[in-house]
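Here's the structure we're looking at; comments come further down.
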Amino acid sequence: MSRYTVAVLVNNHFGVLNRVTSMFRRRQFNIRALTVSETETSALSRITVVFDGEETAKQQLINQLYKLPDVCSIKELSDDDSVSCELLLIKMKNDAKFRDDICSAADAFGAITVDYSKDYIMFRLTDTTRRIDDFINLMHDFTILEICRTGSVSLERGSTTIRQIINF
């Protein structure tokens, strides 16, 4: 099974996200990450989906997505032709015995302290999914109180944009 990242440009209307994600559900794809936001124009939204599946099933899914009336364009993104990152907020127990180790690990990964109290330390890390996974795995040696992550956002390298391939 392979992992895919697909950006879907859609009309920014009520219910479009539900219709798009329903396509994944009906075809039994496991969505690993999902991000949605308005684009440079409020008329369009960009849905970025990271999911696992087989090549044939993925291609069938893309063909079915194009049949949805609010889908304007779809772009499959790979590590070679795009830049991807995600955001992590992680709240750690502020235990004096491990504080230096926790802060050293955060520094090594480039995590920024965004909140601090006698009970907890909160870090923010923006990086690739793999680096965020590695950071979380390292933090499991200590007491993680809470994690929140955004999911992957991706843009294609070069001057081409997803709006240039709109298929109305």
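At-a-glance table
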{"item": "Failed item, numbered, when Phe24 is tested on (1) within 13 Å of the chain's Cα centre (by Cα); (2) surrounded by 13 or more Cβ atoms within 10 Å (Cβ to Cβ)", "result": "(1)"}
{"item": "Evaluation of Lys75 against (1) among the charged types (D, E, K, R); (2) assigned to a strand (DSSP E or B); (3) within 14 Å of the chain's Cα centre (by Cα) (one fails), failing number", "result": "(3)"}
{"item": "Filter pass, Cys72 being closer than 13 Å to Asn12 by Cα and touching a helix residue (DSSP H, G or I) at 6+ places or on another chain (Cβ under 9 Å)", "result": "yes"}
{"item": "Subset of the stretch 79-115 [among the hydroxyl-bearing types (Ser, Thr, Tyr) and surrounded by 12 or more Cβ atoms within 10 Å (Cβ to Cβ)]", "result": "Ser82, Ser84, Thr113"}
{"item": "Criterion (at pLDDT below 95 and surrounded by 14 or more Cβ atoms within 10 Å (Cβ to Cβ)) met by exactly one of Leu125, Leu155", "result": "Leu155"}
{"item": "Residue in the stretch 38-46 that is touching a helix residue (DSSP H, G or I) at 6+ places or on another chain (Cβ under 9 Å), surrounded by fewer than 18 Cβ atoms within 10 Å (Cβ to Cβ) and within 30 Å of Ile121 (Cα to Cα) present", "result": "no"}
{"item": "Condition met for Leu125 (touching a helix residue (DSSP H, G or I) at 6+ places or on another chain (Cβ under 7 Å), in the same structural domain as Val16 (by TED's automatic domain parsing) and on the phi < 0 side of the Ramachandran plot)", "result": "no"}
{"item": "Which listed residue is assigned by TED's automatic domain parsing to the domain that holds Leu9 and surrounded by fewer than 17 Cβ atoms within 10 Å (Cβ to Cβ), from Ala33, Ala57", "result": "Ala57"}
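Every residue, every condition in (1) of a type in the set (A, V, I, L, M); (2) within 19 Å of Tyr4 (Cα to Cα); (3) not in a strand (DSSP E or B), yes or no:
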position	(1), (2), (3)
Thr35	no, yes, no
Glu40	no, no, yes
Ser45	no, no, no
Asp52	no, yes, no
Gln59	no, yes, yes
Asn63	no, yes, yes
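The values are calculated or read from the model by the stated rules, or taken from the named source; none is laboratory data. Here the structure is a predicted model, which is why all the values come from computation and not from measurement. Counting neighbours? That spans all protein chains shown, and the Cβs are built from the backbone with ideal geometry, glycine included.
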